[in-house]
Amino acid sequence: MENYTLLVGGKEIDTGNYEYYPYACKAIFDFKAVRTVIKELKRGSIPEKTDEYVYARYSVGDENICQDAIKAAYEASKVYRHFSIDKRHKIAVDIHDLLLRHKKQIIELFIVEGHPLKLAEWEFEGMAKGFSVESLNFFKEEMKRNIGVSGNEKLYLVRRPDGVVCLSPPKNAPASNSFVAAGALFSGNTIIVKPPFRTPLATTYVWKNVVDKAARMNGVPPGTVNIIIGNSDSFMDEWLKSRDVNDIIHFGISDKGIEIGQKIFAAGKKPILELSGNDLLFVWKDADINQAAKSLMDAFLGSTQICMVPKNALIHEDIFDCFCDEMAKRAKALKIGLPDDPETCLSPVIKIPQFFEFLEDAKSKGAVVICGGHRVNYNGKVDTNGIYLEPTLLKIDDERKAVDMLCVVEENFFPLIPLVKITGNSVKKFQGLDKDDVIFSKMACFADCNAYGLRISAWVKSKKFIDKFASEMMNSGLLRINSRHVGFSFYIATHGGTKKSGGPFGEMNYIWAKTSHLQGISITD
């Protein structure tokens, strides 16, 4: 059984107060046995099958640990903020190198925590691409710019660190999402990471063995990186009331997240919000159907319980039926299995009651189930007590039926994907516009009216409509045209969104920029 400690002020902290993490596969098919073993461990005994069922124990801290971490981070910030951009860039490059060296262990931990291999590999891809050397070199250039000369006056723009940054990653994919916050170190901040109380292992491992190790290799002061586990509400209260905390990065569902953001702002701190998504994928009449369908199938990674996967497909009427047939073929072929099965991408579903609520709402408003719709066990067999759901596709043959369906206007955090036909049936109402122009205007309206705004992707060959998608689809942190919806690119951030996805300050998030402030410098000889 592995032992995970906290990290405060450069020291490993064993609090003596422990929680235990089982192998996810064991918990899925033998939950009663896992629960019995953990109960015995908490009573002080070590059952015979402990190593078979329980992967690790981890320390849990309290408000005092949180306060110690804030103090350590604040003291370290006084020194670390003076590290040169070159030194911070070197730390970032070392982080990337260590990440690649630890790839095997990190993916294994993702699987221990219940992430199917396909999901785990995608998560790691995002971590590596978002912190690639190519991207880091670009970030370095953006940290300081010589913007001009006026007579004897030289003018510069420099990004300065905010100070102490606190991070609360999400429960569903905490390690990969938390990793973006390593950008806070790049801009000269110190950081406190609070892994989720119930799924802290991979996050703790990444921040200790990759981020903190790279920082220590380059001589940072103790307390530059701190890792604490405990009650989220209590820790947030400590962060809010502390004068030494500057920024708080919070991941979560939109409604609660925006409320937390308001509290952060009211406390005089900078809120950086990564919230829910309701991503749109558009398929134009000339699209490569196979590639578009392949991209949409990524919606089922982790049973659609990932914010940045496509949640709706809006399809030109000319290829709607063909696209639906292709998606049905692919969805029916998906395998349901345990996380360590390399052929599965589906995982247990948290919000099963909401799935059936959304499904019945859609059917009552004219949606037709193409495939799926049942609760199943890890073998894919229909089971009223199953913790999986079949990948489910809905066919909606007119966009007017879709506009108030829950599965279209709200986030589907379960494997339910609406396929919506966008029609040109109101072309007569638009003088001077042909059918395609009308269909595009409807697609653009869907994007504008989306209450969320993480990612948009479009599959289209026409130069005219590539340009229109690129110029008119504005409501998202990221727009991808003719590439994988969940893909990652050099230079562009992996996270961030508008509206309910990022709150009032939402945009594509460069964390190194978000956790710093712009300073103008004038030097006259």
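The values are calculated or read from the model by the stated rules, or taken from the named source; none is laboratory data. Model, not experiment: these values are computed from the prediction. Every residue, glycine as well, gets a Cβ built from its backbone with ideal geometry; the counts of neighbours run over all protein chains shown. Side chains are part of the model used for accessible areas, which takes the heavy atoms of the whole protein and leaves out ligands, DNA and RNA. Shrake-Rupley method; radii C 1.70, N 1.55, O 1.52, S 1.80 Å.
A few notes on this one:
- Check on Leu301, part of a strand (DSSP E or B), at pLDDT 95 or above and not basic (Lys, Arg): no
- The set of residues in segment 1-17 being open to solvent by less than 50 Å² (accessible area, probe 1.4 Å) and in a strand (DSSP E or B) consists of Tyr4, Leu6, Leu7, Val8, Ile13.
- Residue check, Gly372 closer than 30 Å to Leu119 by Cα, out of contact with any Ser or Thr (no Cβ under 8 Å at 6 or more places or on another chain) and of a type in the set (Gly, Ala, Ser): no
- Taking segment 466-478 as the range and being out of contact with any helix residue (DSSP H, G or I) (no Cβ under 7 Å at 6 or more places or on another chain) and either among the aromatic types (Phe, Trp, Tyr) or over 17 Å from Asn177 (Cβ atoms) (or both) as the test, the residues that pass are Ile466, Asp467, Phe469, Ala470, Ser471, Met474, Ser476.
- Check on Thr494, within 25 Å of Gly130 (Cα to Cα), without any contact (Cβ under 8 Å) to a residue 60 or more places away in the chain and under 26 Å from the mean Cα position of the chain (by Cα): no
- If the condition is being under 26 Å from the mean Cα position of the chain (by Cα) and modelled with pLDDT under 95, then segment 28-56 contributes only Ile28.
- Residues in segment 265-291 that are without any contact (Cβ under 8 Å) to a residue 40 or more places away in the chain and either assigned to a strand (DSSP E or B) or touching a Lys or Arg at 6+ places or on another chain (Cβ under 8 Å) (or both): Ala267 alone.
- One residue stands out in segment 325-342 among those that are in contact (Cβ under 8 Å) with a residue 12 or more places away in the chain, out of contact with any strand residue (DSSP E or B) (no Cβ under 6 Å at 6 or more places or on another chain) and assigned to a loop (DSSP other than H, G, I, E, B): the one that is farthest from Glu121 (Cα to Cα), namely Leu334.
- Verdict on Asn377 being open to solvent by 20 Å² or more (accessible area, probe 1.4 Å) and touching a Gly at 6+ places or on another chain (Cβ under 6 Å): yes
- Residue in segment 461-476 that is in a loop (DSSP other than H, G, I, E, B), open to solvent by less than 30 Å² (accessible area, probe 1.4 Å) and within 15 Å of Ile272 (Cβ to Cβ) present: no
- Per-region count, segment 28-51, residues touching a residue at least 40 places away in the same chain (Cβ under 8 Å) and either surrounded by 15 or more Cβ atoms within 10 Å (Cβ to Cβ) or under 19 Å from Ala202 (Cα atoms) (or both): 3
- Any helices (runs of 4 or more DSSP H) falling wholly within segment 188-246 and containing at least 1 residues that are open to solvent by 10 Å² or more (accessible area, probe 1.4 Å), more than 29 Å from Val112 (Cβ to Cβ) and in contact with a Lys or Arg (Cβ under 7 Å, 6 or more places away or on another chain): 232-241
- Selection within segment 170-187 - open to solvent by less than 10 Å² (accessible area, probe 1.4 Å), within 17 Å of His102 (Cα to Cα) and touching an Asp or Glu at 6+ places or on another chain (Cβ under 8 Å): Ala175
- For segment 405-417, the count of residues that are under 19 Å from Asp321 (Cβ atoms) and either open to solvent by 70 Å² or more (accessible area, probe 1.4 Å) or modelled with pLDDT under 95 (or both) is zero.
- The lone criterion from (1) touching a Phe, Trp or Tyr at 6+ places or on another chain (Cβ under 8 Å); (2) at pLDDT below 95 left unmet by Gly277 is number (2).
- First in segment 52-64 and in a helix (DSSP H, G or I), second anywhere and surrounded by fewer than 20 Cβ atoms within 10 Å (Cβ to Cβ), Cβ under 6 Å, 6 or more apart: Tyr53/Lys26; Glu63/Ser234
- Residue check for Tyr491: under 30 Å from Lys269 (Cβ atoms), surrounded by fewer than 23 Cβ atoms within 10 Å (Cβ to Cβ) and among the hydroxyl-bearing types (Ser, Thr, Tyr): yes
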